[in-house]
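Structure record follows, encoded as structure tokens.
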Amino acid sequence: MSLKVGNLIYRGKAKDIYETDDPKKVIVKFRDSITAGDGEKKDEIELKGFYNSLISAKLFEVLEDAGVKTQYIKLITPGYMLSKRLKMIPLEIITRNIAAGSLVRRFPFKPGEEFKLPIVQMDYKSDEYKDPMLNDDIAIAFGLVNKEELKFIRKTTLKINEVLLDFLKSKGILLPDFKIEYGYDPDGNIVLGDEISPDTCRYWDIETCDVLDKDLFRKGETGVIKAYKKVASMILDKNDKKKWNVEI
Ligand SMILES: Nc1ncnc2c1ncn2[C@@H]1O[C@H](COP(=O)(O)OP(=O)(O)O)[C@@H](O)[C@H]1O
Ligand SMILES: [Mg+2]
């Protein structure tokens with residue numbers, strides 16, 4: 001397959017964004033770099049980008065099929081996703097179904113406690129300010145978004161949560177929480193961007209309760225790539241593997 005990649009627009013901690021011939025489209029390259037703790041802990045894990053691109057592509061397709069508008073155009077080849085070029089909104093929208101991570105460090109929740117209603121949390125995406133949690137009024141005062149846009153983001157996020165919870169459950173995976181990012185597409189609509197991978201979500205195996213996400217790396221445990229591979233093998237079906245020419 002011939003892959004024409006244009007100039008590099010942005011190099012993040014885990015992905016590179018490249019121009020294409022079309023100013024409305026970019027190529028998102030999923031790298032093997034992995035970081036935790038605001039980039040303090042860093043490593044390269046072979047094939048991480050490969051699996052993350054496949055998992056993200058599959059979940060974007062599931063969401064598009066359920067009527068959620070996303071950046072996703074297609075997975076050109078594993079590692080490289082053709083996407084709409086977005087003007088990103090610097091918010092990390094975190095949805096929580098089960099208490100874990102920073103929530104149990106900052107608040108008196110019991111780890112593993114299930115919430116009756118999902119919690120939608122917003123952090124300001126800023127390495128300089130260390131991603132502080134914010135609320136609607138702060139986001140609006142910053143001029144990051146207006147009230148209607150926040151309403152749309154919350155509604156869309158809850159729908160994304162429902163769709164992902166159902167789909168992943170059918171594949172044997174629990175979704176304690178996940179982080180997503182939105183941006184404005186070239187027509188000015190707010191759509192889901194970035195990635196939905198084990199770097200940005202917690203995935204637990206329903207049967208074994210095994211952790212299948214970046215928490216393994218955060219805690220310095222082994223088997224990170226084995227877990228990412230397992231997620232890919234659990235969620236991709238025969239047609240996906242044929243379409244993307246992969247054996248997992
Ligand atoms: N479709 C898109 N168009 C433009 N930028 C995007 C798109 N999707 C994601 N981005 C941005 O690309 C950057 C690269 O991703 P990543 O490596 O995760 O960076 P970061 O270290 O900033 O989280 C992020 O800042 C993300 O907001
Ligand atoms: Mg990122």
Is it the case, given these coordinates, that Arg31 is within 16 Å of ligand 1 (Cβ to nearest atom), of a type outside the set (Ser, Thr, Tyr) and either touching a helix residue (DSSP H, G or I) at 6+ places or on another chain (Cβ under 7 Å) or under 19 Å from Lys179 (Cα atoms) (or both)? yes
Is it the case that some residue within segment 190-200 is more than 18 Å from Ala66 (Cβ to Cβ) and among the hydrophobic types (A, V, I, L, M, F, W, C)? no
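Looking at this structure, is Glu44 modelled with pLDDT of 95 or more and either farther than 30 Å from Arg105 by Cα or within 10 Å of ligand 1 (Cβ to nearest atom) (or both)?
On the way: modelled with pLDDT of 95 or more: yes; either farther than 30 Å from Arg105 by Cα or within 10 Å of ligand 1 (Cβ to nearest atom) (or both): no.
In short, no.
Name the residue that is farthest from Lys238 (Cα to Cα), counting only residues in segment 9-55 that are among the β-branched types (Val, Ile, Thr) and surrounded by fewer than 20 Cβ atoms within 10 Å (Cβ to Cβ).
Let us first name the residues in segment 9-55 that are among the β-branched types (Val, Ile, Thr), namely 9, 17, 20, 26-28, 34-35, 45, 55.
With surrounded by fewer than 20 Cβ atoms within 10 Å (Cβ to Cβ) added as a condition, the list becomes 9, 17, 20, 35, 45.
On the way: Ile9: 34, Ile17: 29, Thr20: 30, Thr35: 32, Ile45: 26 Å.
Filtering first and then ranking leaves Ile9.
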Checking Tyr129 against (1) closer than 23 Å to Ala14 by Cβ; (2) more than 16 Å from ligand 2 (Cβ to nearest atom), which test does it fail? (2)
Which condition breaks for Leu91 when tested against (1) in contact (Cβ under 8 Å) with a residue 40 or more places away in the chain; (2) away from ligand 1 (no atom under 16 Å from the Cβ); (3) within 26 Å of Phe30 (Cβ to Cβ); (4) of a type outside the set (Asp, Glu)? (2)
Return the residue satisfying two criteria in turn: it lies in segment 81-111 and is over 19 Å from Arg154 (Cβ atoms) and touching a helix residue (DSSP H, G or I) at 6+ places or on another chain (Cβ under 7 Å), and of such residues it is surrounded by the most Cβ atoms within 10 Å (Cβ to Cβ). Met81
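Of the residues Tyr124, Tyr129, only one is in contact with a Pro (Cβ under 6 Å, 6 or more places away or on another chain) and of a type outside the set (Lys, Arg); which? First the steps, then the outcome.
Numbers: Tyr129 fails: in contact with a Pro (Cβ under 6 Å, 6 or more places away or on another chain).
Exactly one of Tyr124, Tyr129 is in contact with a Pro (Cβ under 6 Å, 6 or more places away or on another chain) and of a type outside the set (Lys, Arg), namely Tyr124.
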In this structure, is Glu19 in the same structural domain as Leu168 (by TED's automatic domain parsing), within 13 Å of ligand 1 (Cβ to nearest atom) and of a type in the set (D, E, K, R)? no
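Would you kindly identify the strands (runs of 3 or more DSSP E) lying entirely within segment 50-103 that contain at least 1 residues that are under 22 Å from Phe217 (Cα atoms) and either within 12 Å of the chain's Cα centre (by Cα) or more than 16 Å from ligand 2 (Cβ to nearest atom) (or both)?
Qualifying strands (runs of 3 or more DSSP E): 91-98.
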Pull up segment 151-189, narrow it to residues that are in contact with a strand residue (DSSP E or B) (Cβ under 9 Å, 6 or more places away or on another chain) and among the β-branched types (Val, Ile, Thr), then point me to the one that is farthest from ligand 2 (Cβ to nearest atom). Ile173
Counting just the residues of segment 197-224 that are under 23 Å from Val62 (Cα atoms) and among the β-branched types (Val, Ile, Thr), which one comes out nearest to ligand 2 (Cβ to nearest atom)? Thr200
By residue number, the members of segment 5-40 that are in a strand (DSSP E or B), over 17 Å from Pro198 (Cα atoms) and hydroxyl-bearing (Ser, Thr, Tyr) are Tyr10, Tyr18
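The values are calculated or read from the model by the stated rules, or taken from the named source; none is laboratory data. Keep in mind it's a predicted model, so treat the numbers as computed, not measured. Backbone-built Cβ (ideal geometry, glycine too); neighbour counts: all protein chains shown.
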